[in-house]
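The values are calculated or read from the model by the stated rules, or taken from the named source; none is laboratory data. None of the values given here were measured: they were computed from a predicted structure. We place every Cβ from the backbone using ideal geometry, glycine too, and count neighbours over all the protein chains shown.
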Number of protein chains: 4
Amino acid sequence: MTTHRLTPSRFFNTLGPHEPALHVADGDRVVAATLDAVGGDDAGVARASRPNPMTGPIFVEGAEPGDALHITIESLRPTRATGWSRNTLAPNVVDPDFVPSLPERQTHEWAIDPDAGSVRLLAPFAETGDLVLPLAPMIGCFGVAPAGGEAISTATSGPHGGNMDWRGFRPGASVAFPVGVPGALFFLGDGHARQGDGEIVGTGVETSFEMTVALRVQKGRSIAWPRGEDAAGIFTIGNARPLDQALQHATTEMLRRLGEDYGLDRAGASHLLGQAVRYEIANVFNPAYTVVCRVPADVLPDVPARSR
Amino acid sequence: MTTHRLTPSRFFNTLGPHEPALHVADGDRVVAATLDAVGGDDAGVARASRPNPMTGPIFVEGAEPGDALHITIESLRPTRATGWSRNTLAPNVVDPDFVPSLPERQTHEWAIDPDAGSVRLLAPFAETGDLVLPLAPMIGCFGVAPAGGEAISTATSGPHGGNMDWRGFRPGASVAFPVGVPGALFFLGDGHARQGDGEIVGTGVETSFEMTVALRVQKGRSIAWPRGEDAAGIFTIGNARPLDQALQHATTEMLRRLGEDYGLDRAGASHLLGQAVRYEIANVFNPAYTVVCRVPADVLPDVPARSR
Amino acid sequence: MTTHRLTPSRFFNTLGPHEPALHVADGDRVVAATLDAVGGDDAGVARASRPNPMTGPIFVEGAEPGDALHITIESLRPTRATGWSRNTLAPNVVDPDFVPSLPERQTHEWAIDPDAGSVRLLAPFAETGDLVLPLAPMIGCFGVAPAGGEAISTATSGPHGGNMDWRGFRPGASVAFPVGVPGALFFLGDGHARQGDGEIVGTGVETSFEMTVALRVQKGRSIAWPRGEDAAGIFTIGNARPLDQALQHATTEMLRRLGEDYGLDRAGASHLLGQAVRYEIANVFNPAYTVVCRVPADVLPDVPARSR
Amino acid sequence: MTTHRLTPSRFFNTLGPHEPALHVADGDRVVAATLDAVGGDDAGVARASRPNPMTGPIFVEGAEPGDALHITIESLRPTRATGWSRNTLAPNVVDPDFVPSLPERQTHEWAIDPDAGSVRLLAPFAETGDLVLPLAPMIGCFGVAPAGGEAISTATSGPHGGNMDWRGFRPGASVAFPVGVPGALFFLGDGHARQGDGEIVGTGVETSFEMTVALRVQKGRSIAWPRGEDAAGIFTIGNARPLDQALQHATTEMLRRLGEDYGLDRAGASHLLGQAVRYEIANVFNPAYTVVCRVPADVLPDVPARSR
C-alpha cells in the first residue's frame, strides 16, 4: 500500500470528469489537504470559492463503470484551531409559519481543541455556561464523478455520493460508490469538526482538514447507491428530496444488499428490516436530502463475507 | 398513588369524546389489559375489530384544555406466548418501480420468550439459522381525545398522540400530551413485543399486553405536540405526512421547549440542535408518519427542572 | 322531487355522526343557508365559531355504507354584499427562505355585486386601478360523515370530502361521496364568492350563501374517493399531503373509474390518461391538500352511462 | 433577423458547457432538426442514445450571466409519420399498493397525421373504437447551460430549464431562461406530438421534429426560474421534487415578477394570485417535477411592458 500526499492548488465545485490531480493504484492510501466549505485553508486564507471546493479528482487504476470504489476513512485531522457554523435553524426544518421567529442568519466561530477532544462555541450560549461538545470529525462531501457525462454541484448529492453531510462518515467507517467513469475520479473535502443529525443549521463546525483514506476497487460489484459499514453494522445511503424518497432509495438498496451479501430472500430480509432496521437522517438541508438505512452488526446473519 | 386495574369489555377504534371506562385522580397508576392490533386478547380470541382497538378512555380528574397529561410507562408485559407480523416491506418505503418485486403479503407468527428476553420468527429465515431478536416491548398507539370535537381513527396520529408506532415508547420513557377535553380521556393499546425503526413492514411483533402507566396532570403546561423524556434525554414528536413535515413539527416544538424549559434563546437553541440533535423515524407507514427530535441528556444545559 | 329549506340554529365543526338536522328522500332538493368560514351569517353576525361551521347533517333515506351519495350543485347565491380574504400568501406555498418577505397577515374586504357578476377588493391594489374579478361562487367544504366512527374537523378533508376548497365545486358540477354511515349524513358550508387555484392565501372571498343541492343515492356504487362530472368532463378527487399523494389517490381512482364506467382496460386507460389527462390543484393550504384528476368530455369513449 | 439551419451530427445528453454547434446574433431565428427521446431521427434511425439527446448548443452573442435568454417557439413540425409512447402509468403516480395492478411496460406506436391534425394509437383501445386525439406538438426538453460549471442530465430539470415536459411549450409560447455562462449555450430537443398533464406514462407521443425558435437576449433581466408568456397570460416555472417544492419555486418567482413587471406590492400580488392564479402540473415523472404558475392575461394590471 503506497501512501500519497495530495495538497492541491486547484479545487473543484462539481463532481465531474475533470483532469485528475493524482493517479493511484488499487489499494493505495491518500493523505489529502482539504479546504472548508467556503474555501478557507489551514491558515484561514480563502483559496477557492463556495460551495464545498473539492480536493481531487483521484484517478484509481483499474476502476471501470460497473465496479464500485471502496473508501476507508482512516483519519480526519482538523488543521485549524477554529471552525464556524450558522446560528439559526434552516427555514425548511421548522413549521412554515414559524420561520419569521428565527434569528437573523449569522456566522459564529468555534474553538477546536484536539487534545481535549472538544469544540467550544465562541459566542454566548446559556446562563449556565458555554456550549462545549465532543470533537467528532466527519467528511461532509465526497464521492466519484457521476455517469452519463454529468458534472454535479458539490452543494448536492446523488448515487455518486457528493454533499451527504452525514456525521457517520467518520474514521473507521467505509463506503463504496458506484463507479461512473474510468478511473472513478474520486473527490473529497468539506470536513466538519462536528455536526448533529440533519445538518439543520445548514453547517457543521466547518474547518480545514487533513483527511486520510484508503481506496480499493471492487471489480464487478454493481451497486445503485452508496453502501458502507462501520463498527455498528452495515448501511446504505439514499440521496433525494423529499425525505420519503431518500428513505425509499436507501431501503431498496439495503433489501438488495441483504440478498446479494447475506443470501436473504425478500421475505427474510423484510422480517429482519421490519423488526431491526435503524434509520438516520444525515442531512435535511441540501438540495438532495440524505437518509441512512442501517442493520446492526449483531442481528446480521453470520455468513462468509462476499463482495463486502 | 392509587393503582387501578382496567380490563375492559368495550374497545374503541377512535380517540374521541367517548364515555370514560375509568376515572382516576391526578397521579394515579393504571394497569390495563390491551388487545393486539386486530383485537386479539391474551388467549388469541378476537374481542374487538381493527384498527388498533383501544383500552379506555381514562378520565383524569383535574385535566383541562390548556394542560398537559404526562404519562410514565412503568411496565409492558406481553400476555401471550406469540405475536405476529407481516412478511413484506410496505410498498411506500421502497422505490415505486421496485414494488412488484416485493413478496405477497402474509402474516407470520413469532414466539415470545420473556424469560430469555427474545422473540423468534416461526417461519424460515436464513440458511444460517432462525431469526432471534431481543424482546423490546413498546406501545404502538396511545394518547388523548383531540380538541375540537374530533374523533380520530387509531390508524393515524396527530398532536393528540395516537398511532405513532415508535419503539422508544418503552418502559422508563414518559411523554406528555396536550389535553383537548376535560378529563383528558386517555387511551392505550396496540402493544408490540418489538419493532424496528419506521414500522416498515406495517407491523411490529403484535400481541396483547398488560400495560402499567402513571398519569399526572401538568397544569397550565401548554404544548403543541407530544414532549417526552427517557434515560437518553428529552424528545419531541411530530406526526404528519410527509416525513419532512413531521420533522418540522418535532423540531419547532423542540425549539420552543428549549426556550421554555432550559432558558435558551433561539440562537442558543439552534446551536445546540445544529451540532447535537438526533432524529428517529418512528413510523413511515401510517397515514401520518412520526418523527422524533431528541436532545441527548449530556448536552442539555444544567438548569433546574421547571414544568418538565 | 321535494324541496326542503334548511336554516339551522346549530352548526358543526366536524363531519361526523351528529344528530340529523333534516331527513330527506332519495332525489330531494335542499336549499340551505350557510355561514362563512368563521361563522358569519347573512347579516355579518357571528352565529358559530371557526373552522368552517357546517349546515347539516342531512339524513338521506336509503343511503347505506357501500353506496355513494351523489350531489348536484344547482345554485350558489351569496347572501351578503361583502366577503373577506387574507392579504398574503400562505407561508407553505413560497420558498422557505422567502417567508420573512411576506406581508403581515390581515383580513381585507371585498364588495360582491351579483348583478355585475363581479367582486371588487375594498383595499388599494395597483396604480392602474382596483382589483375587480368575476364572481364565481363555489363550495369550500362539504361531504358526508366518515366511516369508522370518525368525526373529522372541517379544516381538513379525506375520502369523505370535507374542506377541499376547489373552485370547480360550482353550479352545474356534481360529485359523489362514499357513504360511511346509514343516511350518509351530508354537511355543507364555507362558500366562497371566488377563489384561485390552491387557495394560496388560505381563503377565497369568504361569505354567507344560500346553497341549493339535489341529493341522490347511488345504490351499490362503491367508490374510494369523490368522483364527479361537469360540463368539461369527469373528475376524481384526492385529498392528502403532500401534493404527490393527493395526485396518486386521484389518479388511481380515475384509473378504476375508466374501467368501471367506460370499460377501458388498464393499458387503454393509461393511454387515455397519459396523453389527455388534466390536473387541477384545488387547495395547497389545508392539512390535507386536494388534487383533481380530469378527463375532458370530448376524449371519453362514447359508451352508455352505467352508474355514472 | 437571420435564420439559421441546424442539423447536427453530434448530440448531447447533458446541458452543460459543451462546444457550440452554432453561433447566432441576438434576435436570430434557428430551424433545428431534433431527435426523439431515444435518439431516433426523421427516418426512425437511431443517431444518438438516451436520454433526450439534444440539438445544440447554440451560442448567442452578447448573452452573459445576469441576463436572460428569451425563446419564442415559432413552429414545431413533426418529421416522422409515427411516434411512440408507453402503455402504462408510471408507478409513482398511483397509490403504492396499486402498483402491482399496473400492466407490464411496453412501447406502443401512434400514427401522426398533420393534415388531419391528429394522432391515432396503433394498438387496441376500446370496443367503441380507436383512440384518436388532436395533434398538439410541444418541446419536452430545452434550456441553457447551468451556472457553476454543472453539466446536468437531460433526464431532469432545474432553474436552467431542461426536461420539463410541459404541454404548454407549444408554438406561440415564449420563455426566458436565466443565463448561466457566456453565450447562454441553448439546447433543444425531445419533441412530443402530444402529451397530457404530468407526463404520467413517462412519455408523450415521442417523435423527431423540425423546431423553429427565435432567440433574444434580455440584458440585465435577472430571473431565478424560467418565466414565460402565451396567449392565455404569463407564467413561471418551478422544477423540483416533490410537487410542493416545485409549486413553491414557481409561486415565489411569480410574486417577484408581479412586482418587477407590473408594479404590484406583495399584498396586491397576493390578492391577485390568491383569487386568480392557475397551476398546471407539467410533469410528475422526471427526477425533478415541474409546476407552472399562471396569471391569466385578462386579470393582469394594464401597465406598460417593461423587460417582459
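One line per residue, one yes/no per condition, for (1) crowded, with 16+ Cβ neighbours inside 10 Å; (2) under 23 Å from B:Trp225 (Cα atoms); (3) polar (S, T, N, Q):
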position	(1), (2), (3)
B:Thr2	no, no, yes
B:Thr14	yes, yes, yes
B:Leu22	yes, no, no
B:Thr34	yes, no, yes
B:Thr72	yes, yes, yes
B:Glu104	no, no, no
Can you tell me which residue within the range B:118-135, out of those that are in contact with a Gly (Cβ under 9 Å, 6 or more places away or on another chain) and over 18 Å from A:Ala267 (Cα atoms), is farthest from the other protein chains (Cβ to nearest Cβ)?
-> B:Leu135
What number of residues in the range D:108-126 are outside any strand (DSSP E or B) and out of contact with any Asp or Glu (no Cβ under 8 Å at 6 or more places or on another chain)?
-> 6
Of all residues in the range B:232-253, which are surrounded by 24 or more Cβ atoms within 10 Å (Cβ to Cβ), closer than 21 Å to A:Leu131 by Cβ and more than 10 Å from chain A (Cβ to nearest Cβ)?
-> B:Phe235, B:Thr236
Which ones in the range A:1-11 are more than 14 Å from chain D (Cβ to nearest Cβ) and closer than 17 Å to A:Ala37 by Cβ?
-> A:Pro8
From the list C:Ala173, C:Ala123, which residue is assigned by TED's automatic domain parsing to the domain that holds C:Glu210 and over 30 Å from B:Ala145 (Cβ atoms)?
-> C:Ala173
All positions within the range B:134-188 that are aliphatic (A, V, I, L, M) and within 30 Å of B:Trp110 (Cβ to Cβ) = B:Leu135, B:Ala136, B:Met138, B:Ile139, B:Ile152, B:Ala155, B:Met164, B:Ala173, B:Val175, B:Leu188
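Quick check on A:Leu188: is it part of a strand (DSSP E or B), over 30 Å from B:Leu272 (Cα atoms) and either in the same structural domain as A:Phe285 (by TED's automatic domain parsing) or in contact (Cβ under 8 Å) with a residue 24 or more places away in the chain (or both)?
For A:Leu188, the condition - part of a strand (DSSP E or B), over 30 Å from B:Leu272 (Cα atoms) and either in the same structural domain as A:Phe285 (by TED's automatic domain parsing) or in contact (Cβ under 8 Å) with a residue 24 or more places away in the chain (or both) - is not met.
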Looking at B:Asp97, B:Asp36, B:Asp115, which is the one that is among the charged types (D, E, K, R) and within 14 Å of chain D (Cβ to nearest Cβ)?
-> B:Asp97
If you check A:Val217 against the conditions, is it under 22 Å from the mean Cα position of the chain (by Cα), of a type outside the set (Asp, Glu) and away from chain B (no Cβ under 14 Å)?
-> yes
Exception for B:Thr290 within (1) assigned to a strand (DSSP E or B); (2) touching a residue at least 40 places away in the same chain (Cβ under 8 Å); (3) at the interface with chain A (Cβ under 10 Å from one of its Cβ atoms) falls at (3)
Selection count where residues are free of Cβ contacts under 8 Å to residues at least 40 places away in the same chain and surrounded by 12 or more Cβ atoms within 10 Å (Cβ to Cβ), scope the range D:108-138 = 17
Are any residues in the range B:133-187 within 11 Å of the chain's Cα centre (by Cα) and of a type in the set (A, V, I, L, M), and if so, which ones?
-> B:Met138, B:Ile139, B:Met164, B:Ala173, B:Val175
Somewhere in the range C:87-106, is a residue among the hydroxyl-bearing types (Ser, Thr, Tyr), assigned to a strand (DSSP E or B), in contact (Cβ under 8 Å) with a residue 24 or more places away in the chain and within 24 Å of C:Thr290 (Cα to Cα)?
-> no
When residues of the range D:257-266 are limited to those that are part of a helix (DSSP H, G or I) and facing chain C (nearest Cβ under 9 Å), the one surrounded by the fewest Cβ atoms within 10 Å (Cβ to Cβ) | D:Arg266
Residue within the range D:143-160 that is without any contact (Cβ under 8 Å) to a residue 60 or more places away in the chain and part of a loop (DSSP other than H, G, I, E, B) present = yes
Report, by residue number, each residue of the range A:12-33 that is within 14 Å of chain D (Cβ to nearest Cβ) and either without any contact (Cβ under 8 Å) to a residue 60 or more places away in the chain or farther than 21 Å from A:Val179 by Cα (or both).
-> A:Glu19
In the range D:84-91, is there at least one residue being β-branched (Val, Ile, Thr), within 14 Å of chain B (Cβ to nearest Cβ) and more than 19 Å from the chain's Cα centre (by Cα)?
-> yes
Of the conditions (1) touching a Phe, Trp or Tyr at 6+ places or on another chain (Cβ under 6 Å); (2) within 14 Å of another protein chain (Cβ to nearest Cβ), the single one that A:Gly56 does not satisfy is (2)
Positions within the range B:39-58 being among the aliphatic types (A, V, I, L, M) and surrounded by fewer than 17 Cβ atoms within 10 Å (Cβ to Cβ), in sequence order | B:Ala43, B:Val45, B:Ala46
Among residues belonging to the range B:255-287 that are of a type in the set (Val, Ile, Thr) and touching a residue at least 40 places away in the same chain (Cβ under 8 Å), point out the one that is farthest from B:Ile152 (Cα to Cα).
-> B:Ile281
Filtered residues of the range C:191-210 (kept if of a type outside the set (A, V, I, L, M, F, W, C), facing chain D (nearest Cβ under 8 Å) and either in a strand (DSSP E or B) or closer than 15 Å to C:Ser118 by Cβ (or both)) | C:Arg194, C:Gln195, C:Gly198, C:Gly204
Please indicate, with yes or no, whether at least one residue in the range D:92-100 is closer than 26 Å to D:Gly56 by Cα, modelled with pLDDT of 95 or more and in contact with a Pro (Cβ under 8 Å, 6 or more places away or on another chain).
-> no
What are the residues in the range A:249-263 that are in contact with a strand residue (DSSP E or B) (Cβ under 7 Å, 6 or more places away or on another chain) and either at pLDDT below 95 or under 30 Å from D:Ala246 (Cβ atoms) (or both), if any?
-> A:His249, A:Ala250, A:Thr251, A:Glu253, A:Met254
Is it true that A:Arg227 is surrounded by fewer than 24 Cβ atoms within 10 Å (Cβ to Cβ) and either under 23 Å from A:Ala184 (Cα atoms) or within 13 Å of chain B (Cβ to nearest Cβ) (or both)?
-> no
